[in-house]
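Working notes, structure below.
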Amino acid sequence: MITKTDKHQYFFEVDVSSTKGRKGLLEAKDVKGSIEISTAPEFKGGVPDIWTSEHLFLGSICSGFMAAYLGIAEKRNLKVNKLTCSAIGQINLFDNHLEFTSVNLYPRIYINDKRQIELANELLFNSIKQCIVINSLKPLLINHGEILFDKIDIK
């Protein structure tokens with residue numbers, strides 16, 4: 001648990017090793033299993049149907065948003081029935097190199113108490129400000145968040 005008096009310095013480590021052609025394995029010492037990765041099929045030598053660094057980049061944004069939102073929601077006593085998040089990243093040629101120039105984020109927050117809609121919306125924007133991954137981005141991030149009423153109470 002992080003406190004205000006803690007030193008805020010953390011290290012995360014991953015390893016990639018090539019396997020065959022443009023394929024490889026992504027692993028971390030503190031995580032079970034591995035992820036098969038490859039160059040995206042849009043690029044020379046790329047392989048279809050395998051996770052790419054571009055997928056993982058967008059996945060990091062979505063999972064970082066989820067972690068930030070759910071953490072803040074817990075602190076603020078907002079009951080979230082479900083959270084989904086999609087991201088669409090656009091890559092363009094910029095200054096003679098390819099880079100993500102924008103990311104559209106589509107979080108959907110499902111709650112079952114209409115009295116908490118205002119709080120849920122407030123947290124939608126606060127979580128963007130608190131997300132480590134999003135704070136580390138260079139491209140423009142466009143948030144298309146939604147708060148949805150969900151009649152089902154999941155316990």
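When the C-alpha to C-alpha distance is required to be over 26 Å, the pairs from LYS75/LYS151; LYS7/LYS29; LYS7/LYS129; LYS7/LYS75; LYS75/LYS138 that qualify are LYS75/LYS138. Any chance you could look up the accessible area of THR19 with a 1.4 Å probe, heavy atoms only, rounded to 10 Å²? Result for THR19: roughly 80 Å² accessible. For the set ARG115, ARG22, the ranking by accessible area, highest first and with no ligand, DNA or RNA atoms included, is ARG115, ARG22 under a 1.4 Å probe.
Using a/c under 1.5 as the rounded threshold, could you call segment 24-66 rounded, prolate or oblate? The axes a ≥ b ≥ c are square roots of the C-alpha gyration tensor eigenvalues, and prolate needs a/b larger than b/c, oblate otherwise. Oblate shape, in that a/c is at least 1.5 and b/c is the bigger or equal ratio. Against the criterion of solvent-accessible heavy-atom surface with a 1.4 angstrom probe, ILE142, ILE132, ILE88, ILE147 sort, most first, into ILE132, ILE88, ILE142, ILE147. Looking at GLY71, PHE12, LEU141, which one has the Cα that reaches farthest to the positive end of the dipole of the chain (charges on Cβ: Lys, Arg +1; Asp, Glu -1)? Of GLY71, PHE12, LEU141, it is GLY71. Taken about its Cα centre, the chain carries a charge dipole of roughly 380 debye when the Cβ of each Lys and Arg holds +1 and the Cβ of each Asp and Glu holds -1. Each residue was assigned an accessible area with a 1.4 Å probe, and for PHE57 the value is about 60 Å². Expressed to the nearest 5 percent, the antiparallel share of DSSP beta bridges inside the chain is 70 percent. Between the helical axis of 117-130 and the longest alpha-carbon principal axis of the chain there is an angle of about 40 degrees. A probe of 1.4 angstrom, applied to the heavy atoms of all protein chains, finds GLU118 with accessible area near 150 square angstrom. In whole percent, how big is the carbon plus sulfur part of the accessible area of the chain, probe 1.4 Å, protein atoms only? Using a 1.4 Å probe with all protein chains present, the chain comes out at 55 percent carbon and sulfur.
Heavy-atom accessible surface of the chain, averaged per residue, reaches 72 Å², computed with a 1.4 Å probe.
The values are calculated or read from the model by the stated rules, or taken from the named source; none is laboratory data. Computed from a predicted model, the values in this text were never measured in an experiment. In this analysis, Cβ positions are derived from the backbone assuming ideal geometry, glycine residues included, and neighbour counts consider all displayed protein chains. Side chains included, ligands, DNA and RNA excluded: accessible areas come from the protein's heavy atoms. Shrake-Rupley method; radii C 1.70, N 1.55, O 1.52, S 1.80 Å.
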